[in-house]
Amino acid sequence: MVFKRLLGSLGVGGPTVDTVLDPGAALPGGALSGQVHLQGGGTDVDIEHIGLELLARVEAEHDGGESEGAVVFERFTVGGGFRLAEGERRSVPFSVTLPWETPVTELYGQPLGIVLGVRTELAVSGAKDKGDLDPLTVRPLPAQEAVLEALGQLEFGFRSADLELGRIGGTGQQLPFYQEIELTPAPRYAHAVNEIELTFLAHPGGMEVVLEADKRGGFFSEGHDAVTRFTVGHDGVAHQDWNTLVDGWIQQLVEHRAAYGTHASYGHHDPYAGGHGHGEHHGHHRSGPGVGTAVAAGAAGLAVGVVGGMVAAEVVDEVGDFFEGDEEEGEEE
């Protein structure tokens, strides 16, 4: 597929490209490194630039329902300005920094259902082609993993994860979409909520944790959502009592949900004041993490939920669709 597309844009006998990412999962805000391997064609050519694009499979809600498409959320130039001789083989190493809000695609080595890709663009003598497309795997930051681990130990279960086009009001969100992890409630909260939705918004100084709980409707009322936001730092992860901290967040979320039902109001805190959060009430949801702690794969209930097999099977299908020619759908050039 890659070679045929390159030949179509750059001419028969033109150069080909193959990008190989270094092994292992990347971290949000961390380095993504690898090599771009070029193979010269039937004539000498000038390589004007070699670019990388980060793509994400994103869901969008609209009047007609929901649709999916690929969104480019970062671009890099990693080489160029040289002549590639006929038949010449050349490798161009690169190392770029991922955005802090790059979605997490796996937990304890198990896929979450999030599809990311790295696409290579080659510009040759005035002609451009978006060629090689490779899957991108991203593991959680230490603080993100600690929160998920705590939720698992508190008996919350993994339901699904996706990327939603839009922005969460009142946050420092940078990307045009956000990751949403849906969790089944722990037994002691099952009477109050149907599910908990979790979003991480990481930045160099720490991380916003956005939690949303649906509100069960009664005989005379409709269900509503309640949202709370909290902040944590990247440092000192191993020294934090995460179970107690996260359980406190959930209790506050549930209390906000209950108070929303009585039309109560809350005070608002500085969202970047460490350890604090504030509650918000919405008739509808949103618009549109130093030193780690070693966690065994079987330790968290969340990991058990992912390992079930169904999620992994669905991911295979999504990856297949993503890499079969529709990756430009919905993206903005």
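Points to keep in mind about this one:
- Within segment 84-105, if we keep just the residues that are of a type in the set (D, E, K, R) and at pLDDT 95 or above, the residue that is farthest from the chain's Cα centre (by Cα) turns out to be Glu88.
- When Pro99 is tested against the conditions (1) surrounded by fewer than 21 Cβ atoms within 10 Å (Cβ to Cβ); (2) in a strand (DSSP E or B), the lone failure is (2).
- Residue in segment 126-138 that is closer than 21 Å to Val232 by Cβ and either buried (at least 20 other Cβ atoms within 10 Å of the Cβ) or at pLDDT below 95 (or both) present: yes
- Meets criteria (aliphatic (A, V, I, L, M) and over 16 Å from the mean Cα position of the chain (by Cα)) for Ala161: no
- Residue list for segment 1-59, restricted to those being modelled with pLDDT under 90 and either among the hydrophobic types (A, V, I, L, M, F, W, C) or under 21 Å from the mean Cα position of the chain (by Cα) (or both): Met1, Val2, Phe3, Leu6, Leu7, Leu10, Val12
- Filter result for Gly64 (within 26 Å of the chain's Cα centre (by Cα), modelled with pLDDT under 95, within 20 Å of Gly113 (Cα to Cα) and of a type outside the set (D, E, K, R)): no
- Among the candidates Val71, Val78, residue that is hydrophobic (A, V, I, L, M, F, W, C), under 20 Å from Gly166 (Cα atoms) and either surrounded by 13 or more Cβ atoms within 10 Å (Cβ to Cβ) or in the same structural domain as Leu175 (by TED's automatic domain parsing) (or both): Val71
- Boolean, His62 is under 25 Å from Leu98 (Cβ atoms) and surrounded by fewer than 15 Cβ atoms within 10 Å (Cβ to Cβ): no
The values are calculated or read from the model by the stated rules, or taken from the named source; none is laboratory data. On a predicted model such as this, the values are computed, not experimentally measured, just so you know. Every residue, glycine as well, gets a Cβ built from its backbone with ideal geometry; the counts of neighbours run over all protein chains shown.
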